[in-house]
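Enquirer: Please see the structure below; I have some questions.
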Amino acid sequence: HEAVLCALKECGIRHIDTSKRNGCEEALGKAVVDSGVPREELWLTSKLWPGDYGYQSAKQACRDSCARLG
C-alpha cells in the first residue's frame, strides 16, 4: 500500500500492471483511492489467465477484476 502511494503521489507513476494471480487487486484499488490521483489519469492493466479464456469467461473475469479493483 505504501509503495503504491509513493509511486502514485511522489514518483508520478500512472500505469499499474496487476493480475488476479498477484492477489493484490483489492489492496491496489484501496491505494489508488487513498492516493487521491483522479482515476482518469491512471492506466490499469490486468491479465487474463488461461482458465478465463472464452467469450463469457473473459467477460466475467474482467468484471471480477474491476470489482476487486473497486
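The values are calculated or read from the model by the stated rules, or taken from the named source; none is laboratory data. The shown structure was predicted, so the numbers you read here are calculated from the model rather than taken from an experiment. For neighbour counting, all protein chains shown are included, and Cβ atoms are generated from backbone atoms with ideal geometry for every residue, glycine included. The protein model used for the area step is the full one, side chains on, heavy atoms only, and it has no ligands, DNA or RNA in it. Shrake-Rupley method; radii C 1.70, N 1.55, O 1.52, S 1.80 Å.
Enquirer: Quick one: which residue in 57, 46 is without any contact (Cβ under 8 Å) to a residue 12 or more places away in the chain, hydroxyl-bearing (Ser, Thr, Tyr), open to solvent by less than 70 Å² (accessible area, probe 1.4 Å) and touching a helix residue (DSSP H, G or I) at 6+ places or on another chain (Cβ under 9 Å)? Break it down into steps so the answer makes sense when it comes.
Expert: Details: 46 fails: without any contact (Cβ under 8 Å) to a residue 12 or more places away in the chain.
Matching residue, one of 57, 46: 57.
Enquirer: Could you tell me which residue of the range 1-28 is farthest from residue 48 (Cα to Cα), considering only residues that are of a type in the set (Lys, Arg) and surrounded by 12 or more Cβ atoms within 10 Å (Cβ to Cβ)? Before the answer, list the steps.
Expert: As a first pass, look at the range 1-28 and keep what is of a type in the set (Lys, Arg): 9, 14, 20-21.
With surrounded by 12 or more Cβ atoms within 10 Å (Cβ to Cβ) added as a condition, the list becomes 9, 14, 20.
Details: 9: 28, 14: 21, 20: 8 Å.
The qualifying residue farthest from residue 48 (Cα to Cα) is 9.
Enquirer: Give me the residue from the range 60-70 that is touching a residue at least 24 places away in the same chain (Cβ under 8 Å) and surrounded by 13 or more Cβ atoms within 10 Å (Cβ to Cβ) and, out of that set, farthest from residue 30 (Cα to Cα).
Expert: First, pick out the residues of the range 60-70 that are touching a residue at least 24 places away in the same chain (Cβ under 8 Å): 61, 64-65, 68-70.
From the residues that got through so far, the ones that are surrounded by 13 or more Cβ atoms within 10 Å (Cβ to Cβ) too are 61, 64-65, 68-69.
On the way: 61: 20, 64: 16, 65: 14, 68: 10, 69: 8 Å.
Filtering first and then ranking leaves 61.
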